[in-house]
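Input: a single structure, listed below in structure tokens.
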Amino acid sequence: MKILYVTNSEKKVKELKDVFKKNLDVATIDSLFDLEYDVSFSFVTKDLEESAHKKAQIVWRKEKENYDYVIADAYGLFSEYAPNVLGVESDTWWPGTQRDRSEALVNLFNGVKDREIYYKSVFVAIDKKGSAKVAEGYTYGYLAKRVKERNGEGYDSVFIADDGRYMSHHTPAEISNLSARIAALNSLAEKL
């Protein structure tokens, strides 16, 4: 099986390879980074599945003859309290660094009792014929009242997992076990 993963992130490619090589007979996993592929995604959407599908489809149109599957993903941080702020826009809703966004999020929730949040990751795989398979993964937790950095990325410094610890205070292996992206990849591997 030949796969093209629509990403420039070497970390994401390693995660996909680790999951897929355990579960599937994969000959090749390429990424946009490997192919020095230049593509821009200039669409706006509030839906993760739609975002992943559009990214996959843009590349699939050019590469469908060369790969068994073209795979793309989208992720976000979600909360019922701030549905129009986070989600697909969780990386861009506030200017500045990730720490600035984390602090702004804590401030946004100041005085809010329901602090449930979750990461959601969606993968879309399009085969040569244009049929799509979709997989989702989730990590549930609570928004902390202050930032505590150590490990992790994104909002891990304000995300308290169900075990009561900040995601950023878990080891990289523990973060991987809790990861919405890894859960979605495992689900996608089963579907393929």
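Of the GluC sites (Glu not before Pro) in the range 104-192, the ones in a loop by DSSP (not H, G, I, E or B) with at most 16 other beta carbons within 10 Å are E149, E153. Going through the cross-link list K12/K46; K17/K145; K17/K54, which pairs have a Cα-Cα distance over 32 Å in this structure? Beyond 32 Å: K17/K145. Computed from the Kirkwood radius of its Cα pairs, the Stokes-Einstein diffusion coefficient for the range 91-192 at 37 °C and 0.692 mPa s stands at 222 µm²/s.
Charging the Cβ of each Asp and Glu at -1 and of each Lys and Arg at +1, and nothing else, the dipole of the range 2-191 about its Cα centre rounds to 80 debye. The fraction of Cα-Cα pairs per 10 angstrom bin, counted from 0 for the range 113-155, comes to 20, 36, 23, 15, 6 percent, rounded to whole percents. Note that the chain shows a convex hull volume over its alpha carbon atoms of 118 Å³ per residue.
For the range 23-64, the list of chymotrypsin sites (Phe, Trp or Tyr not before Pro) that fall in a loop by DSSP and count at most 16 other C-beta atoms within 10 angstrom reads Y37, F41, F43.
Size estimate for the range 73-138 follows the Kirkwood approach: the inverse of mean 1/r over distinct Cα pairs works out to 13.5 Å. Result for the chain in a Gaussian network model with C-alpha springs under 10 Å: among K55, K11, K133, the largest mean-square fluctuation is at K11.
Computed over the chain, relative contact order equals 20 percent, with contacts defined as Cα pairs under 8 Å that lie 6+ residues apart.
Coordinate-derived values only; no laboratory data. Note that the coordinates shown come from a computational prediction; the quantities given were computed from them, not determined experimentally. Heads up, the Cβs are rebuilt from the backbone with ideal geometry, glycines too, and the neighbour counts pull from every protein chain shown.
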